[in-house]
Amino acid sequence: MTERANAAIFYASDGYRPDAKGINGRRVAGESFLRGFLKHGEVEEFVILTKSASEANEVTELATATRPDKALRAVGLVRPQAIAPVEALYYPAANISGEAWRRADHGSGAWAICGVTHTTSTPGIMQGLFDLRMAPLMEWDAVICTSRAVQGAVQTQMDLIDNHIRHRFRTEPPPRPMFPVIPLGVHTEAFARDAAARADLRAQLGAAERDVVFATIARLSPHEKFDPVPIYIAMHAAARELPAGVKLHVVMCGIFRQPYARKVFEESAARLMPDVGFLILDGNKAEDRKAALSGADVFLFMIDNIQETFGLAPLEGMAAGLPVLASDWDGLKDTVVPEVGLRVTSRMLGPHHHVNESLRLQGGVDDYTQYCAAVSAMTELDMVDMKAKILALASNPDLRARMGAAAQRHVRDHYDWKAVIPQMQALWAEQIAAKTAARARSFRIPAYCLPVSPSPSLLFAGYPSATATLLQERFHAPDRSGLAPLDEVLALRNYQGLNRTFADPAQIAVVYAAVQSGKSRVVEICEATRMREAFVERVLMWLLKYDFIRRTD
């Protein structure tokens, strides 16, 4: 690979730090990708685009520990052009329109942008996909779809948006960015089962050797992840048909966001499957996640919620050598192939039946959680099919062993980051080649007139009496004897209270000193201070504002 198959990584802790920002699928996938890219990326150097030195240090520490022989270069967010000679930027979400606007001042062909889908059902992401068609995105930009199902959903929304463009503007929409299918990955070696953890979990359950343990690792939310009640009903029905001496157990390892959710999981289990063993483990604890994978015989992932798009956890189960019992749903259709597990038939009503849910979400009557819960309530997982497949796996240890071994091979060959990162690098190379070939179609929008965020001096030009023309003016420093000095006024005003100041106090002092020494014009002050003209003008405006300097008639 060369730099033409490399991408600078947009890094913000929120997208990559489940340990610091909270565990969710997006952050877990982001952290896993970053480690995978640092470990397997074939590049001359790693480049990150980030807004702060502290965030840059987070990646530097990880890179040093992972590939100490490979250079890493951090670029500040306000100077994205400095990612060069790298010609692509990877952004860890689907809404890459903001990055297209950031690029606009440098030209739409300055670098290619690549995003990735996670949950696509939120109002923010659906609006974000609409924004893609209004932003200066080009056909060499891309949004990775992590499954064929998600690609279908995104393309459906693109069709709706483009039809709107045709009817509203009486013109054909611009070329779309690319929407390739590339899966998420896992570090397969991290999920090896542990014999001691297996023994401990099964002892905690009271599970005998012939008993069969089904384990789920997921966010434990009945309204925006999966409804556990159909699982309990099917488990109870299957347990009644198993041979004597074989008991079923269900382990749910995850995180509850609300007390209500815990009540649904615990009380429903006790009431609906009293003869099935049941245990809840804490998904925040690595040792509990390890116990769930080590002690299980089958990985269970019965998703019925549009919040899900790919399903990372079943790959972890496969990496641990477990067969999978999953719903026939979104990305699970790609990952849970017949050799590695069984999928339960799912059904939804047709489009006209959910108009009410769409309108209530769009109008703010329902929030996102209510929206997901309502759609889930009208999503069927075939109960006869689920019970039959529970029985098939529970009653056949040879089938479980065969599928578990196949699952481990399958995930290693297709979903380890060692196999996924080259696909991403190949995409970046394709994007860069397309950008180079179509350079003539590139265009630039000056930063001061971005339609989504124009310069306030342009947008609000009618507010002040006049526009300052400092380049043509002269300045002097009046006598301030007995008045508060510069550092005291800055301290009193305390711009740093917002963690943001228009200029560093030391730099303000340097410009002020230049005027005090007799430098009266902007060009002279720039020469004396070695500062940029635009920056000096900003500081002069502040000094004028507080009467530290005045215009010379």
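Restricted to helices (runs of 4 or more DSSP H) entirely inside the stretch 398-499, those with at least 1 residues that are within 30 Å of Glu139 (Cβ to Cβ) are 417-437, 456-459.
Being touching a residue at least 24 places away in the same chain (Cβ under 8 Å), outside any helix (DSSP H, G or I) and of a type outside the set (A, V, I, L, M) is true for just one of Lys70, Lys39. Which residue is that? That would be Lys70, the only listed residue that is touching a residue at least 24 places away in the same chain (Cβ under 8 Å), outside any helix (DSSP H, G or I) and of a type outside the set (A, V, I, L, M). Pairs meeting the criteria (first residue in the stretch 173-192 and assigned to a helix (DSSP H, G or I), second residue crowded, with 19+ Cβ neighbours inside 10 Å and not hydrophobic (A, V, I, L, M, F, W, C), beta carbons under 6 Å, at least 6 apart or on different chains) are Thr188/Asp416; Phe191/Glu316.
The residues listed here are Arg79, Arg73, Arg103; of these, the one that is surrounded by 20 or more Cβ atoms within 10 Å (Cβ to Cβ) and in the same structural domain as Phe10 (by TED's automatic domain parsing) is Arg103. Please determine, by comparing only the residues of the stretch 135-161 that are of a type outside the set (Ser, Thr, Tyr) and surrounded by fewer than 15 Cβ atoms within 10 Å (Cβ to Cβ), which one is farthest from Glu87 (Cα to Cα). Among them, the one singled out is Leu160.
Please enumerate the residues belonging to the stretch 1-44 that are among the β-branched types (Val, Ile, Thr) and over 13 Å from Tyr90 (Cα atoms).
Going through the stretch 1-44, the residues among the β-branched types (Val, Ile, Thr) turn out to be 2, 9, 23, 28, 43.
Across the stretch 1-44, the qualifying residues are Thr2, Ile23, Val28, Val43.
Looking across Leu34, Leu49, Leu89, Leu62, one residue alone is surrounded by 21 or more Cβ atoms within 10 Å (Cβ to Cβ), touching a helix residue (DSSP H, G or I) at 6+ places or on another chain (Cβ under 9 Å), in contact (Cβ under 8 Å) with a residue 12 or more places away in the chain and not in a strand (DSSP E or B). It is Leu34. Just so you know, in the stretch 236-284 the residues that are among the acidic types (Asp, Glu) and out of contact with any strand residue (DSSP E or B) (no Cβ under 9 Å at 6 or more places or on another chain) include one that is surrounded by the most Cβ atoms within 10 Å (Cβ to Cβ), and it is Glu241. From the list Asp275, Asp304, pick out the single residue that is of a type in the set (D, E, K, R), over 18 Å from Gly404 (Cβ atoms) and free of Cβ contacts under 8 Å to residues at least 60 places away in the same chain. Sole residue among the options that is of a type in the set (D, E, K, R), over 18 Å from Gly404 (Cβ atoms) and free of Cβ contacts under 8 Å to residues at least 60 places away in the same chain: Asp275.
Here the stretch 397-454 is the region considered, the condition is being among the basic types (Lys, Arg) and either surrounded by fewer than 14 Cβ atoms within 10 Å (Cβ to Cβ) or out of contact with any Phe, Trp or Tyr (no Cβ under 7 Å at 6 or more places or on another chain) (or both), and the residue that is modelled with the lowest pLDDT is Arg439.
Do the conditions hold for Val355, that is, is it surrounded by 18 or more Cβ atoms within 10 Å (Cβ to Cβ) and either aliphatic (A, V, I, L, M) or over 23 Å from Val375 (Cα atoms) (or both)? When the stated conditions are applied, Val355 does not pass them.
For the stretch 44-55, filtering for residues that are out of contact with any Pro (no Cβ under 7 Å at 6 or more places or on another chain), modelled with pLDDT of 95 or more and of a type in the set (A, V, I, L, M, F, W, C) leaves 3.
The values are calculated or read from the model by the stated rules, or taken from the named source; none is laboratory data. This structure is a prediction, so every number in the text was calculated from the model and none was measured. Heads up, the Cβs are rebuilt from the backbone with ideal geometry, glycines too, and the neighbour counts pull from every protein chain shown.
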